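The values are calculated or read from the model by the stated rules, or taken from the named source; none is laboratory data. Treat the numbers as computed from the prediction; the structure is a model and nothing was measured. Using ideal geometry, Cβ is built from the backbone for each residue, glycine included, and neighbour counts are taken over all protein chains shown. The accessibility values were calculated without ligands, DNA or RNA, using every heavy atom of the protein model including side chains. Shrake-Rupley method; radii C 1.70, N 1.55, O 1.52, S 1.80 Å.
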Amino acid sequence: QVQLVESGGGLVQAGGSLTLSCAASRSILSFNVMGWYRQAPGKQRELVAARTRGGDKNYADSVKGRFTISRDIAKDMVYLQMNSLKPEDTAVYYCTVAGESMYWGQGTQVTVSS
């Protein structure tokens, strides 16, 4: 079991930046994949960014070149740096880690105004 707590969401103007943080209740070293999903109103939850334990990264086409996923093993943290934000990035963002099971945080709201 692991608990994930996201922070860093908020309201930002288009073109701005935010960094989302995800704090894990225990070491994240054992998880094969860590990532960020988002869900906008009326839409399905979608994968935004993922990082494997080996370091491979995958991004949704809509965020490539603008978002960066990273981790800090010493702090058991996962981050999502979001630059050049657009109104269509508005959503609730969820942190996940996956090994034998997949765990989710409670989500943090990101709102991008035009």
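Total lysine pairs in region 15-112 at Cα distances under 23 Å, for residues eight or more apart or on different chains: 5.
Ignoring ligands, DNA and RNA, what percent of the accessible area of the chain is carbon or sulfur (1.4 Å)? Accessible surface attributable to carbon and sulfur in the chain totals 48 percent.
Surface listing: 72, 56 arranged by accessible area from highest to lowest gives 56, 72, probe 1.4 Å.
Once the 1.4 Å probe is applied to the protein heavy atoms, region 28-86 comes out at 54 Å² accessible per residue. What relative contact order, as a whole-number percentage, does the chain give when Cα pairs under 8 Å and 6 or more residues apart are counted? For the chain, the relative contact order is 37 percent. Of the residues 17, 101, 30, the one that moves most in a GNM of the chain with alpha-carbon contacts below 10 Å is 101. For an R0 of 22 angstrom, estimate the FRET efficiency from the Cβ-Cβ distance between residue 62 and residue 33 and round to the nearest 0.05. Calculated value: 0.65.
Work out, step by step, the length gained on full extension between residue 73 and residue 100: first 0.36 nm times the residue separation, then minus their alpha carbon distance; give nm to one decimal.
Additional length available on full extension: 7.8 nm.
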